[in-house]
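Encoded as structure tokens, here's the structure I'll be asking about.
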Amino acid sequence: MTTFVFWFFHIAYAFILTYLVLGFIVAFEVSAAMNGGKFALRWIRKHFTYDEFYWSVIIFYPMLKLGYLFLEIIPSLFTRDIHCQFDLDSLFEELFHHQ
């Protein structure tokens, strides 16, 4: 029984860490792309099809919101020049409308 518990917690730990790392990467790139980052737009087009990106956004939505909070909303409190806009519809339109 202890071997099962040992492997269960290690596998659960691996899934949680994988979710956090991949979620952070997707959240960072989506946040940069929503603000017009050309590199982020190219990176998303290179690594995702429309369906893959759609499901990544659904799966990592909590990480997207958390990343947006730390990358956009909190810095905008310290400067007046940053305009925060969380608009996934316009991002999908910009990324995949021309294909």
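Rule-based calculations on the coordinates, nothing more; no lab input. As the structure is a prediction and not an experimental result, all values here were calculated from the model. Please note: Cβ atoms are built from the backbone with ideal geometry, for glycine as well, and neighbour counts cover all protein chains shown.
Looking only at the stretch 36-59, how many residues end up being surrounded by 15 or more Cβ atoms within 10 Å (Cβ to Cβ) and touching a residue at least 40 places away in the same chain (Cβ under 8 Å)?
4
Hey, which of the helices (runs of 4 or more DSSP H) in the stretch 40-93, taking only ones fully inside, have at least 2 residues that are closer than 21 Å to Leu22 by Cα?
It comes to 50-59, 61-68.
On to the next question. List, please: which pairs have Cβ atoms under 6 Å, are six or more places apart or on different chains, and start with a residue in the stretch 67-80 that is surrounded by 12 or more Cβ atoms within 10 Å (Cβ to Cβ) and end with one that is in a helix (DSSP H, G or I) and not aromatic (Phe, Trp, Tyr)?
Going by the 6 Å Cβ cut-off, the qualifying pairs are Gly67/Ala27; Gly67/Ser31; Tyr68/Ser31; Leu71/Ser31.
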